[in-house]
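The values are calculated or read from the model by the stated rules, or taken from the named source; none is laboratory data. All values reported here derive from a predicted model rather than from experimental measurement. No Cβ is skipped: glycine too gets one built from the backbone with ideal geometry, and neighbour counts run over all protein chains shown.
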Amino acid sequence: MVPFHSPCSNDAFDATTGVDVTKPESVVNLTGNWPLVFWLSIAFLVAGVSLMGRLVTATGDGRIIAMLALSIACGYVYQGPPFRCVDSFKGTFQIHWNILRLHLLIQ
């Protein structure tokens, strides 16, 4: 379930910036429904985390959920606002801009 979350959330985030407008393979472009793709990605994430939670409960090994959480956090920092490290396929780093925006939000 979690591997489905990543491409769907990436397409939803890219659709908000407009970088996927010319990508016919974008799930948002295929469906024409940004909210559907966004909430579907959230549903995949919740289903995957709950299934992993059942696995942790069955095995008693908390490292599984810790690795999953770290993996999701790394993916979100890479592709999700306000932390987005690259501007889709343009290769321009936005870290300085995101730090500035966060600084302005904190003040």
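When the criteria are applied in full, Thr57 meets the requirement of being over 23 Å from Cys74 (Cβ atoms) and either polar (S, T, N, Q) or touching a residue at least 24 places away in the same chain (Cβ under 8 Å) (or both).
Screening Val86 on (1) farther than 18 Å from Asp11 by Cβ; (2) surrounded by 12 or more Cβ atoms within 10 Å (Cβ to Cβ); (3) at pLDDT below 60 shows it passes everything except condition (1).
Of the residues making up the range 1-32, those that are exposed (fewer than 15 other Cβ atoms within 10 Å of the Cβ), among the hydroxyl-bearing types (Ser, Thr, Tyr) and within 18 Å of Val46 (Cα to Cα) number 0. Count of the range 1-58 residues, restricted to those that are among the acidic types (Asp, Glu) and not in a loop (DSSP other than H, G, I, E, B), is 2.
Residues of the range 9-33 that are under 26 Å from Ala69 (Cβ atoms) and not β-branched (Val, Ile, Thr): Ser9, Asn10, Asp11, Ala12, Phe13, Asp14, Ala15.
Of all residues in the range 53-77, those that are of a type in the set (Gly, Ala, Ser), surrounded by 13 or more Cβ atoms within 10 Å (Cβ to Cβ) and either more than 11 Å from the chain's Cα centre (by Cα) or over 29 Å from Phe13 (Cβ atoms) (or both) total 1.
Quick check: anything in the range 39-46 among the hydroxyl-bearing types (Ser, Thr, Tyr), free of Cβ contacts under 8 Å to residues at least 40 places away in the same chain and surrounded by 11 or more Cβ atoms within 10 Å (Cβ to Cβ)? Break it down into steps so the answer makes sense when it comes.
The initial filter retains those residues of the range 39-46 that are among the hydroxyl-bearing types (Ser, Thr, Tyr), namely 41.
With the extra rule that they be free of Cβ contacts under 8 Å to residues at least 40 places away in the same chain, the set shrinks to 41.
From what is left, the residues that are surrounded by 11 or more Cβ atoms within 10 Å (Cβ to Cβ) are 41.
Checking the range 39-46: at least one residue is among the hydroxyl-bearing types (Ser, Thr, Tyr), free of Cβ contacts under 8 Å to residues at least 40 places away in the same chain and surrounded by 11 or more Cβ atoms within 10 Å (Cβ to Cβ).
Against the conditions (1) modelled with pLDDT of 60 or more; (2) more than 20 Å from Asp11 (Cβ to Cβ); (3) of a type outside the set (Gly, Ala, Ser), Leu36 satisfies every one except (2).
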